[in-house]
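The values are calculated or read from the model by the stated rules, or taken from the named source; none is laboratory data. Predicted model, so just to flag it, every value in this text is computed and none were measured. Here Cβ is always computed from backbone atoms with ideal geometry, including for glycine, and neighbour counts include all displayed protein chains.
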Amino acid sequence: MFTLLTVSALALAGTASAQAATSLADIEHVVFFMQENRAFDHYFGSLFGVRGFADPNAPINADGKSVFYQKVNGSLSNATDFLLPWYINYQGGEYLNGTQCMDGGSNGFENNHAAYNNGSNDMWALTNDPTSIAYFKRQDIPIHYAIADSWTIGDMYQEGQMASTWPNRVHWMTGTVNIPGGPTNSTKGPVLDNNDTPGCSHLSFSNFLTGQSYHTTANVSCFPYDWKTVPEYLEELGISWFVNQADDNFGCNELAAFKTFIDGAASPLNDTDNPLVVKAMSYAWSNNDWEGGYAKFKQDVATGNLPEVTWIIPTTELSEHPPYTPRQGAWSQADIIDALQNSPIYNKTILFISYDETGGWADHVPPFHAPAGTPGEWVVDPLTNISTFSGPGFRLPFYAISPYSRGGNVFTEPSDHTSQILFLEKWAAARGHPFTTQAISAWRREHMSDLTGMFDFSGETFDASPVKFPAGEEPVIDGLTGLLAGAELCQAKYEGSVNAKIPYGLQTPEEALAVEAGFRPVRGGLTEGRYLVLESAGVALSAGSSLGVASPLAQKETDAAQRFVLHAPNPMDVDATIFSLSNGDSYINAQLGLDSAANAAIWNITYIASSTSYNIKDTKSGMYLTLTSSKPVLGNDPAPFKIYSVTF
C-alpha cells in the first residue's frame with residue numbers, strides 16, 4: 001500500500017524545513033528515474049494549464065486543418081478522412097481497465113519520421129498506427145496527474161532521438177548517439193535502433209503508402225559503443241554514483257552496451273576492483289522482490305546514505321512500456337517519491353522522472369530540432385537515403401520532484417535527455433566539481449535547457465510537506481512463479497476489452513480536444529502553446545475594447561479578457577508578439593494599443609529565476625511593460641510579472 005504519513009514523518013519534514021537549500025550548491029543528491037514508452041499528449045493532453053489539446057499555437061497545415069486532424073483514407077476507414085486524438089476509454093465498461101495493457105504504434109526511427117511527414121505531423125494514423133493517437137485522462141492515471149499537480153511538470157521536454165528505447169537511453173547516459181559530425185571520435189554509430197549483438201544493424205522498413213520496402217547494410221548501431229559515458233566523468237571527479245537497477249531491467253541499462261563496461265565485467269576482478277562495473281552493473285533488487293522494490297534506494301534515502309548521483313532503472317513489469325500498465329508504473333513513482341518525502345535528505349535531493357521515448361504514441365507538437373545539415377544532428381536516413389534530423393523528437397512526460405519545485409508549476413523551456421546531463425554539469429560546477437560532457441553537440445548545448453529554471457531557491461515557494469497520493473494499484477504477483485505479472489493478468493482478465501475500437505466518424509472536436517479547466521504558474525523561458533495570464537503590482541493585464549488592467553482572479557482561467565497568446569518564430573526566441581483573443585486577433589502595439597499583426601510590437605520576455613518572475617521589454621524602445629493600478633504603461637525599469645498558463 002502507499003505510505004501513510006505518520007506523526008514522525010510529518011515531524012521530520014517540519015525539522016527539515018529549517019535546513020532548506022538556498023542554492024543549487026546546497027543540493028547533495030540528484031536522482032534520475034526513467035520510465036518507458038509514453039508520449040506527452042498520450043498522458044497529459046487533457047491536463048489543465050499545459051500545452052495540450054487546447055494549444056492556441058497548434059500548427060495549421062496546407063489543407064487548412066490543424067495538426068490534430070490526422071489523415072485517414074479508405075485503407076483504414078470510409079467513414080471519415082481524419083482522426084482526432086481520441087479518449088482511449090470512450091467505450092467505458094471493462095475498457096476502463098483493459099486499455100491499461102493496450103499497445104500503441106511503432107516507436108521505430110522510420111515510423112516516427114514518416115508520421116512527422118516533413119513537418120506537417122499528420123500521418124500518425126496512416127504511417128504509424130491509428131491507436132497512436134489514443135490518450136488517457138486523469139481518472140485513468142490519477143497518480144501521474146497528482147505528481148504534476150504537486151510539483152513541476154515540463155511540457156516541452158522531448159525525446160533525445162526520434163527513435164526507439166536504446167538510442168534514447170544511450171543519449172541519456174552519454175549525451176549523444178554519435179551522429180556524423182558530432183564531437184565524439186568514434187565510428188560506432190549512429191545508434192538508431194535496439195541492436196544488442198556485436199556488429200552493425202541491418203535495417204528494413206516498408207512504406208505503407210507506396211508499398212516500397214527499404215533495406216540497408218549501412219553501419220548503424222555498431223555494438224559495442226566506445227565513447228565516454230557520464231558515469232565515467234563522475235568517477236574521475238570522485239562524485240559518488242550508482243545505477244539502481246532490477247535484475248530484469250528490460251535491457252534498459254545502456255552502459256552495458258559500452259566497451260568500457262563490457263571489458264570491465266569480463267575481468268575476473270570486476271566484483272571488487274572495478275568501480276565502474278560494481279556501480280553500473282550490480283543488481284539492486286529482483287523482479288520477485290516487489291514489496292522491497294527499490295529496496296537499496298529506499299534504505300539509502302532512509303539512512304541518508306544515498307550516493308550523490310543515482311540512476312533508477314525499473315523492472316520490466318513496472319516500466320509502463322505497453323502492455324505493462326501505467327497504473328503499476330505509477331506505483332513505482334509514488335513508492336520512490338514517498339521514500340524521499342519521508343527521509344532526512346528530501347530537502348537536499350532533486351528527483352527527475354522522465355520517459356525514454358514515445359512508444360509510438362502520438363504528440364501534436366512538431367519537434368524542435370536543429371536546422372538542416374547541423375553537424376552531429378542531421379543524418380542520412382540509411383533506408384531512404386534522405387537527410388533528416390535524428391532528434392530531438394516528440395514530447396514526453398517529465399517532472400521534477402523536490403521542495404523547490406512544489407506548487408503545480410509548468411516549465412516551458414525546450415528540453416530533452418541532454419538537459420538532464422546539462423543539469424548535472426551545472427550542479428557539479430556549483431558543488432566545486434566542474435566537468436563538460438564532450439559528446440554533447442554544440443547545437444544541443446546551446447538550445448536545450450539545463451532545467452535549473454524548474455527550481456526556486458529563494459524560499460518563497462519552498463514546501464517540504466509530504467504529498468499524499470490518490471489510491472493506486474499495487475503490483476500483481478503470479479502465485480505460481482512469484483513474479484510480477486500485472487500486464488499478463490490485465491490481458492487475461494480483460495481479454496475482449498484491451499484493444500479499444502478506433503472511433504472513425506464518431507468524433508467531434510469539442511469532445512475529442514476537451515481539456516480540464518485550471519491554471520499553473522509558469523517557470524522557465526516562455527515558449528508558444530499556451531493561453532497566458534500576466535500579473536504585476538497587484539493587477540492583471542486585460543484586453544476589452546482597449547488594453548487595460550483588472551483585478552487578479554483566484555481562478556485565473558475564468559476571464560477571457562485576461563488571456564494572451566505569444567507568437568515566437570523560434571521556440572528558444574524570447575522575442576515574441578503578444579495578442580489577445582477577447583476582441584478578435586488584437587496584437588499589442590508599441591503604444592500599448594490593440595492593433596493588427598503588421599503593427600505588433602516585439603517583446604523580449606526574460607525569465608528571472610531568482611524571483612520566478614518575468615520582465616517584458618519592448619525591443620524597439622527598450623522600455624518595460626509596467627502595470628499601474630489604472631492602466632499599463634511603458635517604464636524605464638523592469639517590472640516583475642508573474643505569468644500563469646490557463647486552460648478553460
Of (1) of a type in the set (S, T, N, Q); (2) farther than 30 Å from ASN89 by Cβ; (3) outside any strand (DSSP E or B), SER542 fails just (3)
GLY359: passes all of (1) at positive phi; (2) not in a loop (DSSP other than H, G, I, E, B) but (2)
Restricting attention to segment 322-355, the residues that are among the charged types (D, E, K, R) and within 17 Å of the chain's Cα centre (by Cα) number exactly 0
Picking from SER580, SER586, the residue that is in contact with an Asp or Glu (Cβ under 9 Å, 6 or more places away or on another chain), modelled with pLDDT under 95 and crowded, with 17+ Cβ neighbours inside 10 Å would be SER586
Just one listed residue, out of PRO85, PRO56, is within 21 Å of the chain's Cα centre (by Cα) and surrounded by fewer than 24 Cβ atoms within 10 Å (Cβ to Cβ), and it is PRO56
When segment 473-486 is checked residue by residue, the ones that are part of a loop (DSSP other than H, G, I, E, B) and either polar (S, T, N, Q) or buried (at least 20 other Cβ atoms within 10 Å of the Cβ) (or both) are PRO475, THR481
Selection from segment 425-447 of residues over 14 Å from GLY175 (Cβ atoms) and assigned to a loop (DSSP other than H, G, I, E, B) yields ARG431, GLY432, HIS433, PRO434
SER221 - would you say it is in contact with an Asp or Glu (Cβ under 6 Å, 6 or more places away or on another chain), modelled with pLDDT of 80 or more and closer than 25 Å to VAL309 by Cβ?
no
Within segment 369-421, residues being farther than 20 Å from GLY45 by Cβ, among the small types (Gly, Ala, Ser), assigned to a strand (DSSP E or B) and in contact (Cβ under 8 Å) with a residue 40 or more places away in the chain number 1
Per the filter on segment 105-131, residues part of a loop (DSSP other than H, G, I, E, B) and either surrounded by fewer than 23 Cβ atoms within 10 Å (Cβ to Cβ) or in contact with a Pro (Cβ under 6 Å, 6 or more places away or on another chain) (or both) are SER106, GLY108, SER120, ASN121, MET123, ASP129
Residues of segment 565-594 being closer than 19 Å to TYR624 by Cα and assigned to a loop (DSSP other than H, G, I, E, B), in sequence order, are ALA568, ASP573, VAL574, ASN589, ALA590, GLN591, LEU592, GLY593
Note: among ASP463, ASP450, just one is assigned to a loop (DSSP other than H, G, I, E, B) and in the same structural domain as SER332 (by TED's automatic domain parsing), namely ASP450
Scanning segment 559-576 for residues that are farther than 18 Å from VAL522 by Cβ and over 28 Å from the mean Cα position of the chain (by Cα) gives ALA560, ALA561
Across segment 389-421, the tally of residues that are touching a Leu at 6+ places or on another chain (Cβ under 8 Å), more than 24 Å from SER465 (Cα to Cα) and either surrounded by fewer than 22 Cβ atoms within 10 Å (Cβ to Cβ) or of a type in the set (Phe, Trp, Tyr) (or both) stands at 0
Checked segment 66-76 for anything surrounded by 16 or more Cβ atoms within 10 Å (Cβ to Cβ) and more than 25 Å from the chain's Cα centre (by Cα); matches are LYS71, VAL72, LEU76
For segment 39-58, pairs from a residue that is touching a residue at least 40 places away in the same chain (Cβ under 8 Å) and on the phi > 0 side of the Ramachandran plot to a residue that is surrounded by 24 or more Cβ atoms within 10 Å (Cβ to Cβ) and basic (Lys, Arg), with Cβ under 7 Å and 6 or more apart or across chains, are GLY49/ARG520
Taking segment 198-218 and the residues there that are modelled with pLDDT of 85 or more and farther than 20 Å from GLN161 by Cα, the one that is surrounded by the fewest Cβ atoms within 10 Å (Cβ to Cβ) would be PRO198
### Query
In this structure, does ALA517 turn out to be in contact with a strand residue (DSSP E or B) (Cβ under 9 Å, 6 or more places away or on another chain), surrounded by fewer than 20 Cβ atoms within 10 Å (Cβ to Cβ) and among the aliphatic types (A, V, I, L, M)?
yes
Of the residues in segment 470-505, those that are in contact with a strand residue (DSSP E or B) (Cβ under 6 Å, 6 or more places away or on another chain) and farther than 30 Å from ALA125 by Cα come to PRO475
